[in-house]
Every structure is written in structure tokens, then in C-alpha cells.
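Following: one structure in C-alpha cells, then a few remarks.
The values are calculated or read from the model by the stated rules, or taken from the named source; none is laboratory data. These numbers come from a predicted model, not from an experiment. Cβ sites come from the backbone with ideal geometry, for glycine too, and all protein chains shown count toward neighbours. Side chains are part of the model used for accessible areas, which takes the heavy atoms of the whole protein and leaves out ligands, DNA and RNA. Shrake-Rupley method; radii C 1.70, N 1.55, O 1.52, S 1.80 Å.
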Amino acid sequence: MTHENTANHVPDAQNLQLEHQKCIADLGEWKRTHTCGQLTGEHAGTAVCLMGWVQFRRDHGGLIFIDMRDFGGLTQVVFSPDIAPQVHKSAHILRSEYVLAVRGSVRRRPEGMVNPALPTGEIEVVVHEWKLLNTSKTPPFPIEERCDVGENLRLAWRYLDLRRPWMQANLRLRHKVTQAVRSYLDEGNFVEVETPILTKSTPEGARDFLVPSRLNPGEFYALPQSPQLFKQLLMVAGMDRYFQIVRCFRDEDLRADRQPEFTQVDIEMSFVDEAQVMEMAEGLMARIFKNVMGRQVSLPFSRMTWLEAMDRYGVDKPDTRFGLELVDLTEATRASKFALFANAERVKALKVPGGAPLSRKEIDDLLEFVKNYGAQGLAWIKIKPGEWQSPIVKFLSEAERKHIAEALDTHNDDILFFQAGKTAMVNAALGNLRVHLGEQLELIPENAFNFLWVTDFPLFEFDEAEKRYMACHHPFTSPAPDSLDKVVSDPANAFARAYDIVLNGNEIGGGSIRNHSADAQRRMFAALGFSPESAESRFGFLLRALEQGAPPHGGIALGLDRIVMLLAKASSIRDVIAFPKTQKAACLLTEAPSEVSSAQLCDLGLRLRENAAASAGACGTE
RNA sequence: GGAGCGGUAGUUAAGACGGUUAUAACGCCGGCCUGUCACGCCGGAGGCCGAGGGUUCGAGUCCCUUCCGCUCCGCCA
């Protein structure tokens, strides 16, 4: 205590709060009759008991007004010396976030005193008696809707952050979504089955979280990246239709829409094709929107092949709420004198109607933006009356200009952006630039929800680091019928029976029809470069199951956090998760992860290397 | 692993050109106040400018290192 001298005559908030704690009472026989959002003029005259927190205190010396808050809203309660002098006097001790119970009567507010901004603004509760249920230290940040506080503070004091109405609404919205999911799938004869959290590491795909086994020293469980294999085994088991609202774990770097633990709505169905899974998922999304938002969504959702998505939007999760589609100019510029275009694997352009007023600075910022995606530069042309303003226009022939003007349907005051190079880079740079411009130029309609299925994904992707093909979706995905021969012979051109569901440019789910024959699954493993022995040791249990009468099956997994984020119009899934982690995967509230005792390590047969934190980075080179 | 933004009172921010005692609003504490509702008025307290090192007569400000939060690339079957 550094302020002992002053503490005696000028109490600080801390001492004051200690003093007030002497007044704390139990509930006793008091029973809450209403919530703080419930009372209206119709309740005038009724005796009520409210319990909640002090949101605002307006102590006039004479009258004291307290805005009481609970999950339901705010109610103004009045302590008046005319009604109960002792009660009024005792209420001076109330401070922000103190917890209280009041008994009193509802009355209509006097003429002209109605607060139209408040749902309960027509009435107030005149307090006849009250109890202090708890004190509170002054909160580290204001518990208000409008408070704009740093995320580190919000996370360190998450239970206070969650008291704010917006966060309360988000968690309640999330609850309504899961309830809609459960009712819809239950009606569709799906069975909710829990699958193991301690499971087997299958180091294909994301990095696993590992859990050491005490009973089997030197061995590890992995936390599931998804219940993929278990749900397939449940189809073999004849469950027919399975779902689970399930936590999944991936030890990869975080993003606004990626947490190390996240929740999937995991679904699998027997004896179905792609169309049936998609139809089921559309009905599910429609149910969510109806129950949660009171909105109709039009069915079926639009569909687009992966090739078309990449061609028109440059990304595999197009935001179709606005235009600015990409135009391929590769062939048109093949013979150009402009070497950058002529020699490029791919040339594409993006037209911003009316974008010519963009300043040099703004264009430079866009260049910096596309550099994130490997672009070296960003060519542009401003369409002005009678001339094209551009650093590159002098390289373009009359024929090329004519072709560009036609292909992009140019008008005065448009600006064109160009990208040339490797196809993947061109698509990534322009596709992401498109979304960036859509946001920056406010081209995206406020309340639109555009669903889209992206279908016909490639089966494989060549991994430059590992020098082998990797499954685009996952290794259990069935090849498309006309790609069966290509799985081993021409993997680069094989397509998958896989589909993603996209909402407003966000991937909110993905699924596939699986390999239900052991032979087909073995061919996939072979194409992925697994030896038969390695396939057996990693996935033998799956192969054996597929040999025991596995039915044709397929399914989908929906990202619950992302769906709720979009419905809540939140900018991060952290805002719809009660206790999320920071970008360094830490919980600022509990301070996890943390060191453990040597006794705990000893039980597990583990020993840390000297300076484990520093040596972790060196593992890759060993 | 990489790029960028940020860290100054309890909170949100200003200060950045190196130069007196580091500002403001809200919050907090005290006083006054019987119709406020983000009450009002008066007064007061509150700071190792994220941390460490350096340059300098002098650093919130310049340089280096480091920690933390956020956005993105890589990564995320």
C-alpha cells in the first residue's frame, strides 16, 4: 500500500469497496420476478423484484437513478427520499458493476420523462427495499456497447467483455444456430454421436496437437483435426446418418477466421451422391436463416465449378455480391511487343468502372497490397476521353488496345488493372485485389447473403516442398468418375467429387463423396506416394473397415464459428467464441499454455531439452 | 519463417521537430444537486511514455534488441 497516509481521509476506490463489502447480503427469500428488459407500461402498479448490475448511476443527492442491467436489458430504478428515506440514503454506496436486488413497484414515468431510446423507457421501478448482493472493483474498461477497447484487455478480462450486450447477443445467436442445426438434423433422422478427442495422429495435412500417454510411455495421442475417419467408420457401422457439433484442433498459425480449436457441424450420410448432400446442407442453412434471422434464403444455391471460379474470380471462394470479374487476356496478348505480357503464362485484367480518379498514392497502396500475393508490379490504364493514360500503353498495339477495350467493355473514367505471370500468382493477386477494391469502394451490399457451391475441385495439388502430390480436400475423397484412370497416371488433371459451400466470399464448409471401396482408397494412397506398408500402418483400420461392406457415403463439415461470425456481422471468429486465443495461441485469461512441473513430466516419461523454447525452431533442420 | 500496423493515466487517444512541470476526454475519489437517463456543476488524485540497451549536455520523440496485441503472406489434407 503506497497511499497509507491519504487512505484515512480520502478513500480510494479500493478502500471504498472494502468498506461497502460489509453491507453484502445473501438472497435470502428474495426471488426475481422479472428481467431488466421486460417491464412496460402494462406492468404499472405491479410489485416486482429485479436483480442485476449497476450500469449507470445518476446520484442527484436527492433522487438516485440507477440503470440496472441483466442479460435482458436495462431498467431505470429510482431511490427517492420521499418514498423511503433510509433506503435512499443507503443507496449512495452503489457504484459501477455492483450487484443488487431491488424490490419495488413499477410506475409510468412522469409526463415528458419517457426515454424512447430504451425499450423499458416508459416505466421505472420505485425501490422500496434493496440488497447489495456484491461489490465490484472499478472495471478495467467500461462495460458498454460502444466501448472501443484493446483486444488484449478484452481477452484478459473476458468475463467482463462478455457482459457487454453485443457479446451477449453473439453467444446467444450462436446458441440459436446450434439449436437450429440439432432440430433440423434430428428431423432428418441424423444421429448425434460423440467421437474420441484422444485419437491417433495422422500426420497428413495440418499439424496435430499431441497428448503424451502416461500408460504407454513414449507414445502419443493426437487431438482430432476433424472426426473424418470416425464418421466414415460410423457409416460402415450402419448408422446411416450421423452428425456432431464437434471441437476440432489444428496446430497451425492463427488468423481472424482461424483458431487452434474451432467447432464444426460434422455430417455424414450413407447411400447418397453429391446432390443429396448439397440439398441437405442447403436445407440446413435455410433452417438456420429462418430460425435465427427470420430470413428466407432462395434454394437451390448457385453452383460454379472450381475452374470457373478461378477463371472469373481468381479464388476458390468467390464473393458474388459484387462484380469486378477478372478477364483473361493471355491469348490476346500472346504476340504482344510487351514482353511482360507476351512471355507470361497468364495475363488477366480487372476493370473498376469509374475508377480513373484513383490517385497515384491510392494506386501505390494497391501495388503494396498485391505484393502480398507475390506480384512484382501492378500495371494500370486509365480510360480518358480520347486517350488512355498509362505507363504501359506505349507497348500495346492498336489491335491489342482494341481487343482489351472490347474484352473489358471499357468506358470513360474506368481504370483497368493488369497482372501477368504464373497463373496461381495472377489469380491470387487479382482475385484478392478484387475483394479489397470491393470493400474499399463500398461495392458490397450491406445485407446480402450470397451462397455459392464450388464444385469439381482438383483431386490433387503438387506440393513443391515435399515434391509429391497432396490431396486437395483430403485423401479419402473419391475421384470424379471420368478421373478414375488419372489418379495414378495423370494426377495433375484428376478431379474430385468434392464441394465447398461459400457465403459472401467465406468458405463456410466443405465435403465430398468418399472412397467406399478399399481398392479405390488404396489407389489414392498410392497416388499420394504412400508405400503399401505406410498406408497400412497409418490407415490400416480404415482399409479393413472398407473391406467389411462399407456403403457408399459422403458428407460435409460446416464451420460453425465462421457461420455465426457472418450472421453476427463480426470481423473475427474471436467475437463469437466465448474464450478464444490470441494470435500466439495463448489464452490471456488463464495464461495457458504454461509450464508444468517436473513431476508431471516424469509421469509421462518426458524430459525437456535445455532451453526448449529456443531449440524448438531448430527442429526442422535435424 | 516473412511483411505491415499498434503499445503514452484505469480506458480511448493527442504529443513524433530531441529541449521547462507529458495533454484531453471519459472513468475514479471528494463536495453540491429531487427528474436524470452517457445527468449537471466545483475540486482532487492518478504516468518508469511496453521492457532492456545505445546515441546525446538532454530521449515519449533518434538507433539497436526484445516482449505483447492485431492484419496479412507462408502454413491451414
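Could you work out the Kirkwood radius for segment A:526-588, taking every pair of different alpha carbons, averaging 1/r and inverting it, reported in Å? Don't skip to the end; give the middle numbers.
On the way: mean 1/r = 0.0628 Å⁻¹.
That comes to 15.9 Å for segment A:526-588.
Which translational diffusion coefficient, to the nearest whole µm²/s, is obtained for segment A:268-340 from the Stokes-Einstein equation, given a Kirkwood hydrodynamic radius over C-alpha pairs, 37 °C and 0.692 mPa s? Display every interim value, and only then the final one.
On the way: Rh = 15.8 Å.
In µm²/s, the coefficient is 208.
Straight-line reach from A:LYS569: which lysines fall under 21 Å, measuring Cα to Cα and dropping same-chain residues less than 8 apart?
Partners within reach: A:LYS176, A:LYS290, A:LYS317, A:LYS581.
Averaged per residue, what accessible area in Å² does chain A show with a 1.4 Å probe, protein chains only? Don't skip to the answer; put the middle values down first.
Working: 31490 Å² over 622 residues.
It amounts to 51 Å² per residue over chain A.
Calculate, for A:LYS337 and A:ILE444, the FRET efficiency according to 1/(1 + (r/R0)^6) with r their C-beta to C-beta distance and R0 45 Å; round to the nearest 0.05. Mind dumping the intermediate values first?
Values: r = 38 Å, r/R0 = 0.85.
With a Förster radius of 45 Å, E is 0.70.
Could you calculate the contour length gain from A:LEU601 to A:ALA13, that is, 0.36 nm times the residue separation minus the distance between their Cα atoms, to one decimal place in nm? Kindly include the intermediate steps, with their values, before the conclusion.
Values: separation 588, 0.36 × 588 = 211.68 nm, distance 4.38 nm.
Contour length minus the Cα-Cα distance gives 207.3 nm.
Assign one of three labels to segment A:482-622, namely rounded, prolate or oblate, based on the Cα gyration tensor with a ≥ b ≥ c the square roots of its eigenvalues; rounded applies when a/c is under 1.5, prolate when it is not and a/b is larger than b/c, and oblate otherwise.
On the way: a/c = 2.30, a/b = 1.30, b/c = 1.77.
Oblate is the answer for segment A:482-622, as a/c is 1.5 or above yet b/c matches or exceeds a/b.
Whole angstrom only: what separates the Cα centroid of segment A:342-372 from the Cα centroid of segment A:7-78?
For segment A:342-372 versus segment A:7-78, the Cα centre distance is 58 Å.
Of all accessible surface on chain A at a 1.4 Å probe, what whole percent is carbon and sulfur? Present the calculation step by step, with values, prior to reporting the outcome.
Details: 16260 of 31490 Å².
Answer for chain A is 52 percent, counting heavy atoms of protein chains only.
When only the heavy atoms of the protein chains count and the probe is 1.4 Å, how do A:HIS20, A:HIS43 rank by accessible area, highest first?
Values: A:HIS20 15, A:HIS43 45 Å².
From most accessible down to least: A:HIS43, A:HIS20.
Heavy atoms only, 1.4 Å probe, whole protein assembly: order A:TRP306, A:TRP453, A:TRP53 by accessible area, highest first.
Values: A:TRP306 60, A:TRP453 0, A:TRP53 80 Å².
Sorted by accessible area, descending: A:TRP53, A:TRP306, A:TRP453.
Hey, can you rank A:89-101, A:409-421 by average C-beta count inside 10 Å, highest first?
Numbers: A:89-101: 17.3, A:409-421: 19.8.
Order by mean packing, descending: A:409-421, A:89-101.
Counting helices only, and only those DSSP H runs with n ≥ 4, report the 222 nm mean residue ellipticity of chain A as the sum of -39,500 (n - 2.57) divided by its residues, in deg cm²/dmol to the nearest 500. Kindly include the intermediate steps, with their values, before the conclusion.
Details: 19 runs with 177 residues, N = 622.
Result for chain A, helices only: -8000 deg cm²/dmol.
Note the per residue figure in Å³ for the convex hull of the C-alpha positions in segment A:299-372. Write down the numbers at each step before the final one.
Numbers: hull volume 10.6 nm³, N = 74.
Dividing the Cα hull volume of segment A:299-372 by its residue count gives 143 Å³.
Mind ordering A:510-523, A:107-120 by average Cβ neighbours within 10 Å, highest first? Let's see the in-between values first.
Working: A:510-523: 20.0, A:107-120: 12.6.
Highest-to-lowest ranking by the protection proxy: A:510-523, A:107-120.
Taking the Cα centre of chain A as the origin and placing charges on Cβ (Lys, Arg +1; Asp, Glu -1), which of A:GLY323, A:PHE338, A:LEU358 is farthest toward the positive end of the dipole?
A:LEU358
In angstroms, what radius of gyration and Dmax does segment A:412-559 have, counting Cα atoms only?
Rg, Dmax (Cα atoms, Å): 19.4, 67.
Taking amide H positions as placed 1.01 Å from N in the peptide plane, with prolines and chain starts having none, which residues 5 or more places from A:CYS49, or on another chain, fall under 5 Å of its amide H?
Amide H neighbours of A:CYS49: A:THR33, A:HIS34.
So what's the angle, to the nearest 10 degrees on a 0 to 90 scale, between helix A:532-546 and the longest Cα principal axis of chain A?
On a 0 to 90 degree scale, this one is about 70.
So what is the diffusion coefficient of chain A in µm² per second by Stokes-Einstein at 25 °C and 0.890 mPa s, using a Kirkwood Rh over Cα pairs?
Details: Rh = 29.4 Å.
Here the translational diffusion coefficient equals 83 µm²/s.
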